[in-house]
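Participant: Okay, handing you the structure first.
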Amino acid sequence: MSRMQRGQTGDELQVKDTFSRRTFVRSGALVAAAFAASNEVFAAAAGCPSAHEGSPIRLGLATYTFRNFSRAHMIGFLKQLNVLELNAKDVKDHLPADVQEEAAAQADFAAASIKLHAAGTIYFQKDEDADIQSKFEYCKRAAIGVIVAGDPAPETLPRIEKFVKEYNIRFAIHNHGPEDKLWHSPLDVLMAVKGMDPRMGCCIDVGHTARAGTDVVQAIHAAGPRLFNVHMKDLTNFQSKDSQVPVGDGIMPVKRIFEALSAIKYKGFVDLEYEIHPDDPMPGAIGSFAYMGGVLAGLGYESRG
């Protein structure tokens with residue numbers, strides 16, 4: 001849009017808005033995010049609630065986004081993003097399985113006011129009590145209420161259900177799209193856990209769900225109370241895993257996803273899982289949170305400061 005010159009007529013001052021709604025939301029939100037991402041502004045806002053507060057949609061982050069960075073570096077990034085809710089994974093030193101190292105990680109997160117709400121993706125490849133129990137103990141030690149599980153064999157689910165009841169930890173099977181031999185879509189998970197304990201459910205990865213040919217919004221409604229976690233990402237092509245982009249730059253129906261989550265009274269988190277640019281994920285993470293925040297604002301949800 002050209003700068004308006006002095007002496008223009010009223011008609012000339014009527015400049016046509018050529019921005020799309022997406023561009024408008026992103027442009028405004030990115031400016032805000034750029035300020036929020038500076039250390040100075042974050043320090044001034046220390047102790048303020050996270051931006052998702054006041055909204056029924058709670059935003060978090062999957063630590064796999066920062067898989068090439070140490071826990072200390074990741075905590076610095078989280079402070080810049082003002083994202084204090086985490087889906088932690090045993091990658092690098094983010095949340096190690098070793099008891100003493102896990103305790104050290106918990107202490108670091110607590111000191112930074114970061115809360116762990118889920119762990120994963122954790123893989124359940126053995127139909128053995130000892131192996132399964134060790135993973136529930138890992139989550140119990142960190143006071144984590146949701147296990148995001150990868151590729152448990154259907155025949156192991158009754159054994160896993162036993163530990164779900166014992167530990168009162170929800171078990172969210174993560175679908176991995178058309179390449180997944182077991183769980184292409186959340187609908188596959190829902191069929192497998194039907195009739196089981198209500199704490200047996202799914203983590204919907206929106207990108208893998210779309211690539212599996214399943215409508216993400218319909219899957220959210222189908223899952224209802226068995227939806228315990230959401231992994232958010234965006235794609236420019238629902239047939240291509242390699243087409244991931246920052247949230248808002250692709251064709252993922254983010255607004256409709258948030259509306260569906262609100263409609264089912266979803267109580268979990270929407271965790272950004274930004275899998276591209278692992279050596280420099282912050283620009284994409286900033287843009288993704290900015291866009292999601294803009295969509296939430298457009299839906300009438302305001303943060304509390």
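Participant: Could you run the Karplus curve 6.51 cos²θ - 1.76 cosθ + 1.60 with θ = phi - 60° over the stretch 273-289 and give me ³J(HN,Hα) per residue in whole Hz, x for Gly and Pro?
Facilitator: These are the phi-based 3J(HN,Hα) values: 10, 8, 8, 9, 6, x, 8, 8, x, 5, x, x, 5, 4, x, 5, 5 Hz.
Participant: For the pair Ser262/Thr236, report the inter-label distance in nm, with labels modelled 7 Å from Cα in the Cβ direction.
Facilitator: Reported label-point gap for Ser262 and Thr236 is 3.0 nm.
Participant: Go through 134-147, 102-115 and give me the packing order, highest mean Cβ count within 10 Å leading.
Facilitator: So the order, starting with the most tightly packed, is 134-147, 102-115.
Participant: Can I ask one more? May I ask you to rank His277, His231 by accessible area, largest first, using a 1.4 Å probe over the protein chains only?
Facilitator: The residues order as His277, His231, largest area first.
Participant: Give me the percent of the accessible area of the stretch 88-172 that comes from carbon and sulfur atoms, probe 1.4 Å, all protein chains in place.
Facilitator: Here it works out to 47 percent.
Participant: Please calculate how many Å² of accessible area the stretch 168-258 carries per residue, with a 1.4 Å probe and no DNA, RNA or ligand atoms counted.
Facilitator: I get 38 Å² per residue for this part.
Participant: By how many nm would the segment from His277 to Ala143 grow when fully extended, if each residue of separation counts as 0.36 nm and the alpha-carbon distance is taken off?
Facilitator: Working it through step by step, the gained length comes to 45.2 nm.
Participant: Another question, if that's okay. In square angstrom, what is the accessible area per residue of the stretch 67-140 with a 1.4 angstrom probe?
Facilitator: 46 Å²
Participant: Calculate, in nm to one decimal, what Ala103 and Ser70 gain on full extension: separation in residues at 0.36 nm each, minus their alpha carbon distance.
Facilitator: 10.3 nm is the gain from fully extending Ala103 to Ser70.
Participant: Let me ask something else about it. Calculate the FRET efficiency for Ser113 and Val91 from the Cβ-Cβ distance with a Förster distance of 22 Å, rounded to the nearest 0.05.
Facilitator: 0.50
Participant: Spin-label point model (7 Å from Cα, Cβ direction): what's the Lys181 to Asp197 distance in nm?
Facilitator: Roughly 2.7 nm, to one decimal.
Participant: Another question, then. Give me the count of lysine pairs in the stretch 54-144 whose alpha carbons sit under 20 angstrom apart, restricted to pairs 8 or more positions apart or on different chains.
Facilitator: Lysine pairs meeting both conditions in the stretch 54-144 amount to 13.
The values are calculated or read from the model by the stated rules, or taken from the named source; none is laboratory data. Bear in mind the structure is a predicted one, so any value in this text is a computation, not a measurement. In this analysis, Cβ positions are derived from the backbone assuming ideal geometry, glycine residues included, and neighbour counts consider all displayed protein chains. The protein model used for the area step is the full one, side chains on, heavy atoms only, and it has no ligands, DNA or RNA in it. Shrake-Rupley method; radii C 1.70, N 1.55, O 1.52, S 1.80 Å.
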